[in-house]
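All remarks here apply to the structure that follows.
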Amino acid sequence: MEKLLEFRNISKYFPGVKALDDVSFDLYPGEVHVIVGENGAGKSTLMKVLSGAYTADSGQVVLEGKPLEKNSPKISEEMGISMIYQELNLVPELSISSNVFLGHEIKKGIFVDKRAQKKRADELLKDVGIQVDSNTLVKNLGVGTQQMVEIIKALSKNAKIIVFDEPTSSLTESEIRELFRIIGLLKERGVGMFYISHRLEELFEIGNRVTVMRDGKHILTDEIKNLSMSQIIEGIAGRTIENLYPHTRKERGEVLFEIKNLCGEKFKNVSIKVHAGEIVGVSGLVGAGRTETVRAAFGIDKYLSGEVLVQGKKVPPGRPDLSAKMGLCLLPEDRKVEGLALSLNIRENSVISSLKLLYPRGIINDQLEQGQVEAFVDKLEIAASTQEKLTRFLSGGTQQKVVIAKWLMSKSRVFIFDEPTRGIDVGAKSSIYELMDQLVEDGAAILMISSDLPEVFGMSDRIVVMSGGELVGDVDKQETDQNAVLHLAFSNV
């Protein structure tokens, strides 16, 4: 079989950084070629070279045996290369059909032929088994269906190659199944696909080959059937990770955190206890009310009835400042928007929740502050040359560590982690898991919301399941399995 695409010795430089270093591998028709690597490994830079957003400093991109001498986003699109990014590129106020043909409209004379566009969009939707009218506004679609619109948009341009960048990060389990079904159809039709993901279990399900990248270099390419998970993880991290999930059951102490019959607009009668030395995982589908519950418990959002207790003391509703003062902390799902001030540096973010603790008399001591932060930078192995580095320039994993440092400095004992490793590479995941295990070893209590079932089972002692805003299960991890948890998650939909 002839190759559909080749990267030949691609290198790309930015000021002070060699983002791609002599990278070579290829893609065949009907293949799902998974690309994995830590944040900063060069995956996205390489795909931007493919899309024409960047120009390689050396090397060639060869499409169907012919080098792409000049490239741009428009040229690559015309050559049959489509990109589907994590942040979907759709106009919410327009219909499906208008989005599908945006930029390459079907025209009758000088006017857009909306009837012809609708007919063709309906055909494309039907062709991939999606039952929705193409007149539907995109803003009225779920995230999963919006992603399907991106796919038929690519098909409307006769795409030969489709790049998926973290396609499942915001999807429910049923939406992931639907995406994989459509990827299977595309394979049968000879479409070549690059698939970038941090969720390594997915590559064994849908991938044909895998390429590992690290520090801008090509590390290995092989058929997935020839590799084990541990070999792939070692290639990504550049070191042996004996156990991705290091958590072991600790001796449980007192109840440190309790949510008691909490009711709100999107959840009702939720009761959860978390002991010292324990990690309780919260599983469920997107929209089950998990995030809404913990936001209310922390005091960000209002709740209608019930109570929240930290070490037996009631937490005042609607007062996140008092929640933090009582030793409760929330590491939010969107760390960039709600967990950090990206315009501030590591030091400033680290002390922002403990200023009164550090300076009870209101007198700032820069030397004391720097020393305190340095201790946590060392403890958490925060990868940065200086405390003054702005957090917006840090990788996702390092940003998450700064959020943890912020709460450790405030002497918190109860940690609510909402999607703690979303968008984080495997090396950083391992580091975050080790930190979580150390926290409970030191007597903390952790409530962890995660849509990643292997993560829930790997890191939890107990698992509570929410469905339709209600708590539908509270089980010991050792007495259940993933199928049982999934069944509970769908029980109240």
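The values are calculated or read from the model by the stated rules, or taken from the named source; none is laboratory data. Owing to the predicted nature of the structure, the values given are computational and were not obtained by experimental measurement. Reconstructed Cβ throughout: ideal geometry from the backbone, glycine too, with neighbour counts over all protein chains shown.
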Residue count, region 387-405, condition among the charged types (D, E, K, R), in a helix (DSSP H, G or I) and surrounded by fewer than 23 Cβ atoms within 10 Å (Cβ to Cβ), comes to 1
Of those in region 254-311 that are over 29 Å from VAL143 (Cα atoms) and among the basic types (Lys, Arg), the residue farthest from the chain's Cα centre (by Cα) is LYS260
If you go through VAL91, VAL100, VAL61, the only one that is surrounded by 18 or more Cβ atoms within 10 Å (Cβ to Cβ), more than 21 Å from TYR195 (Cβ to Cβ) and not charged (D, E, K, R) is VAL100
Checking ILE233, ILE224, ILE259, ILE279 in turn, the sole residue that is of a type outside the set (Ser, Thr, Tyr), under 24 Å from LEU439 (Cβ atoms) and at pLDDT below 95 turns out to be ILE233
Checking GLY443, GLY458 in turn, the sole residue that is outside any loop (DSSP other than H, G, I, E, B) and surrounded by fewer than 20 Cβ atoms within 10 Å (Cβ to Cβ) turns out to be GLY458
Filter region 321-364 for residues that are under 19 Å from ILE449 (Cα atoms) and in contact with a Gly (Cβ under 8 Å, 6 or more places away or on another chain); the one that is modelled with the lowest pLDDT is ARG335
Do the conditions hold for LYS336, that is, is it of a type in the set (Lys, Arg) and touching a Leu at 6+ places or on another chain (Cβ under 8 Å)?
yes
query = Quick one: is ARG422 outside the structural domain of ILE176 (by TED's automatic domain parsing), within 22 Å of the chain's Cα centre (by Cα) and surrounded by fewer than 20 Cβ atoms within 10 Å (Cβ to Cβ)?
reply = no
Restricting region 113-143 to residues that are modelled with pLDDT under 85 and among the hydrophobic types (A, V, I, L, M, F, W, C), the one nearest to SER156 (Cα to Cα) turns out to be VAL128
inquiry  = Checking the structure you have, find out if any residue of region 101-118 is touching a residue at least 24 places away in the same chain (Cβ under 8 Å) and outside any loop (DSSP other than H, G, I, E, B).
reply    = no
When region 214-245 is checked residue by residue, the ones that are assigned to a helix (DSSP H, G or I) and over 26 Å from SER11 (Cα atoms) are LYS225, ASN226, MET229, SER230
Heads up, the helices (runs of 4 or more DSSP H) in region 266-381 (entirely inside) with at least 2 residues that are touching a residue at least 12 places away in the same chain (Cβ under 8 Å) and among the hydroxyl-bearing types (Ser, Thr, Tyr) are 290-298
For region 375-386, the count of residues that are under 18 Å from VAL403 (Cβ atoms) and either among the aromatic types (Phe, Trp, Tyr) or surrounded by fewer than 14 Cβ atoms within 10 Å (Cβ to Cβ) (or both) equals 4
Expected output for region 431-454 (first residue under 14 Å from LEU408 (Cβ atoms), partner among the small types (Gly, Ala, Ser) and assigned to a helix (DSSP H, G or I), Cβ below 8 Å, 6+ apart or cross-chain) is ILE432/GLY397
